[in-house]
Structures are given as structure tokens and as C-alpha cells.
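The values are calculated or read from the model by the stated rules, or taken from the named source; none is laboratory data. No experiment lies behind these values; they were computed from the predicted model shown. Every residue, glycine among them, receives a Cβ derived from its backbone with ideal geometry; neighbour counts consider all protein chains shown.
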Amino acid sequence: MDVKDDERTIGALLVDDQQLVRSGLSMVLCEMHGIAVVGECADGDEVEGAVAQYHPDLVVMDLRMKRMDGIEATRRLVERGGPPVLVLTTFGDDDLLSGALRAGAAGFVLKDSPAEELIRAVRAVGKGGSYLDPAVTTRVLATYRRTAPVQHTDLSDLTARERDVLRWMAKGCTNSEIGATLCISELTVKSHISRIFTKLGLRNRSAAIVFAYEQGIVGSM
């Protein structure tokens, strides 16, 4: 999986309390894939300091850790305008998945996903987009319906262009990619996204993606 020579390398901060897991992730996310591991943390309470030190483009976050779990670490990063968070999850983490969604995680990927899936997720989130692992999309939808219902679900509130932006956002596209696809500026894309959030009562990009799938704006991943 090669990248173009002019593609900017994405800096990832790995957060997991197991050294073997971090080592395995580092082996997968090597620079030949356009991704560099800029730092590692063994617990959630180390994340803010590491972000300040390494300035990563995204944080790859485990959920189960001893001193501070990934949900709280994600919430603190989001509240402080930190880098986006890609959550590492397992099939048994439904309750944690719900918490991570509410905390504002930008993506979810299974720990045992193929290397190509992990790389795709890191690229999407590292470039400002979002990502839902196809294996957890259905569960994320169910979790969202149960724990974070949208107050305003009338799609007629959205203009045709806003629906287009939401559709491409739900596919994991970054603002620049959406702009290129729709032939509009990145600034215009940001304005559309802001209006989408306001009209639909959505908190963040992850919620918008789940909403789009729930409403059938895009099909299954």
C-alpha cells in the first residue's frame, strides 16, 4: 500500500497499556505507509502530556486501561480541542463503545482488524475525517439509538448541498476531499458541516456519521 511522494506523513500517538500491543501497532503503522508513530503512552493519564510533546495528527486509543480509561482520555482531548481519536475496540466493548462515541471519538476499529483496515482508519482520522470499522458499524448504530438519540431528525431541514456534504462525510472523507468531490472550497465545506451540526442537533463528526447511516443517507459500509 504505497503513498504518493508528496503525501504528508501522518503522526500517530499510540495509547495502550500493553507493550506488545503497542509494538505490534508500531510495526503495522510504519513510515512506508505514510504513517509515523511519534510517541507512545501506557495509560490514559499520560495522553495530554504526550500530545503537547509530540503534536500528533491523531491518537490511537485503547479503551481499557488501569489509571484512566480511553473514554475519559478522549473526552479531555476533545474538550481541549486536541487531535482526533481513533478508538481500538473489541467485540465485547459495547458499553465502552457507547461512552467513546459520546466522548467524541472520530473513529472506531477492531483490535484484530487486518493491517489494511487499521491503516485505512488511521489515514482517514489523521487527515481530519472519521472512520467506522465495517465490523462494528451495526453495533455503533444500535448504541447510538439507545444512548444518544438525535433531537432533530427532519432531513428536510438540510439543503441538497448539506445532504451531499453529510453523505461524503459519512463515507469518511476529509473536508478537502469533500470539497474536491463537490467542487467547493474547504472553507465552504466547514460552513456546511457547522450548519448540519446545528440543524440536526449533533455534537460532532462521529454523531453525524452514525446519523447518516441511521437515516439511510448512505448504505452499509
- Within region 109-137, the residues that are in contact (Cβ under 8 Å) with a residue 40 or more places away in the chain and either within 15 Å of GLU177 (Cβ to Cβ) or not assigned by TED's automatic domain parsing to the domain that holds THR90 (or both) are ARG123, ALA124, VAL125, GLY126, LYS127, GLY128, GLY129, SER130, TYR131
- Message: If MET65 meets every condition in (1) part of a loop (DSSP other than H, G, I, E, B); (2) under 18 Å from the mean Cα position of the chain (by Cα); (3) closer than 17 Å to THR89 by Cβ apart from one, which number is that one?
- Response: (2)
- Query: Across region 38-79, what is the number of residues that are farther than 11 Å from ALA100 by Cα, touching a strand residue (DSSP E or B) at 6+ places or on another chain (Cβ under 9 Å) and not hydrophobic (A, V, I, L, M, F, W, C)?
  - Reply: 11
- Message: Looking at SER206 and the list (1) in a loop (DSSP other than H, G, I, E, B); (2) surrounded by 16 or more Cβ atoms within 10 Å (Cβ to Cβ), which single condition is not satisfied?
- Response: (1)
- Task: May I ask you to list the residues in region 41-55 that are of a type outside the set (A, V, I, L, M) and either outside the structural domain of ASP112 (by TED's automatic domain parsing) or surrounded by 24 or more Cβ atoms within 10 Å (Cβ to Cβ) (or both)?
- Result: CYS41, GLY44
- Task: Within region 85-102, track down each residue that is farther than 22 Å from GLU48 by Cβ and either at pLDDT below 75 or part of a helix (DSSP H, G or I) (or both).
- Result: PHE91, GLY92, ASP93, ASP94, ASP95, LEU97, SER98
- Query: On the given criteria, is LEU118 within 22 Å of ALA170 (Cα to Cα) and of a type in the set (A, V, I, L, M, F, W, C)?
  - Reply: yes
- Here the residues within region 159-183 that are surrounded by fewer than 17 Cβ atoms within 10 Å (Cβ to Cβ) and among the β-branched types (Val, Ile, Thr) are THR159, THR181
- Note on the structure: Expected output for region 11-31 (first residue closer than 20 Å to PRO83 by Cβ and without any contact (Cβ under 8 Å) to a residue 60 or more places away in the chain, partner of a type in the set (Val, Ile, Thr) and in a helix (DSSP H, G or I), Cβ below 6 Å, 6+ apart or cross-chain) is VAL15/VAL47
- Query: Is one or more of the residues making up region 187-195 out of contact with any helix residue (DSSP H, G or I) (no Cβ under 9 Å at 6 or more places or on another chain), farther than 15 Å from LYS127 by Cβ, without any contact (Cβ under 8 Å) to a residue 60 or more places away in the chain and in a helix (DSSP H, G or I)?
  - Reply: yes
